[in-house]
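> Sending over a structure as structure tokens; questions will come in a sec.
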Amino acid sequence: MSAVADIPVNANRSGTATARIVVQATPAEKRAISSKAKTLGISAGELMRRGASAYAPESAQDELAVLADAARDAADRSCAAIDESLTFIAASNARIAKMERR
């Protein structure tokens, strides 16, 4: 589906939508949209507005994936640093225990 026309928004004082956006759809897509709207108890226009409001472009998902990867890498580095510190502490404790036995 693609937007064909976008008429400037002219909402009245009550906030009721008065601008029209024409969307091209196949007959099957129109039936599916109408059926889904009916099932949800809302108008097709309301369904389309909600869908447009909830839409998140793939670039946002890509950005989140990059952030998740960076967080995972930071966590891996933190775990490695903790393991290295624990190894150092264990070796230090062994040296101290050996010195105390003398």
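The values are calculated or read from the model by the stated rules, or taken from the named source; none is laboratory data. The structure presented is a predicted model; accordingly, all values stated were derived computationally and were not measured. Heads up, the Cβs are rebuilt from the backbone with ideal geometry, glycines too, and the neighbour counts pull from every protein chain shown. When the accessible area is computed, the model is the full protein with side chains, heavy atoms only, and any ligands, DNA or RNA have been set aside. Shrake-Rupley method; radii C 1.70, N 1.55, O 1.52, S 1.80 Å.
> Return the sequence-ordered ³J(HN,Hα) values of segment 64-81 in whole Hz as given by the Karplus equation 6.51 cos²θ - 1.76 cosθ + 1.60 applied to θ = phi - 60°, using x for Gly and Pro.
5, 5, 4, 5, 5, 4, 5, 5, 5, 4, 5, 5, 4, 5, 5, 4, 5, 5
> Sticking with this one: Please report the base-10 log of the normalised intensity I(q)/I(0) for the chain, using a Debye sum with one equal scatterer per alpha carbon and no solvent, at each q in 0.10, 0.15, 0.16 (1/Å).
Debye output, listed in q order: -0.58, -0.86, -0.90.
> Hey, what's the chain come to in accessible area per residue, 1.4 Å probe, Å²?
Ligands and nucleic acids excluded, the figure is 86 Å² per residue.
> To the nearest 500 deg cm²/dmol, what mean residue ellipticity at 222 nm is calculated for the chain from DSSP H runs of n ≥ 4 alone, each contributing -39,500 (n - 2.57), summed and divided by the residues?
Mean residue ellipticity, 222 nm, calculated: -23500 deg cm²/dmol.
> Projecting each Cα onto the charge dipole of the chain (Lys/Arg +1, Asp/Glu -1 at the beta carbon, about the Cα centre), which of Ala74, Ala54, Thr18 comes out farthest on the positive side?
So the residue furthest toward the plus end is Thr18.
> Please get the size of the charge dipole for the chain, origin at its Cα centre, with Cβ charges of +1 on Lys and Arg and -1 on Asp and Glu, quoted in debye to the nearest 20.
460
> How big, in percent, is the set of alpha carbon pairs in segment 62-102 lying more than 14 Å apart?
So the portion of pairs separated by more than 14 Å is 64 percent.
> If I fit a long axis through the Cα atoms of helix 44-54 and take the longest principal axis of the Cα atoms of the chain, what angle between them do I get, 0 to 90°, rounded to 10?
Roughly 20 degrees, rounded to the nearest 10.
> Could you work out how far apart the two model spin labels at Arg77 and Ser43 are, taking each label as a point 7 Å from the Cα in the direction of the beta carbon, and quote it in nm?
Result: 5.4 nm between the two label points.
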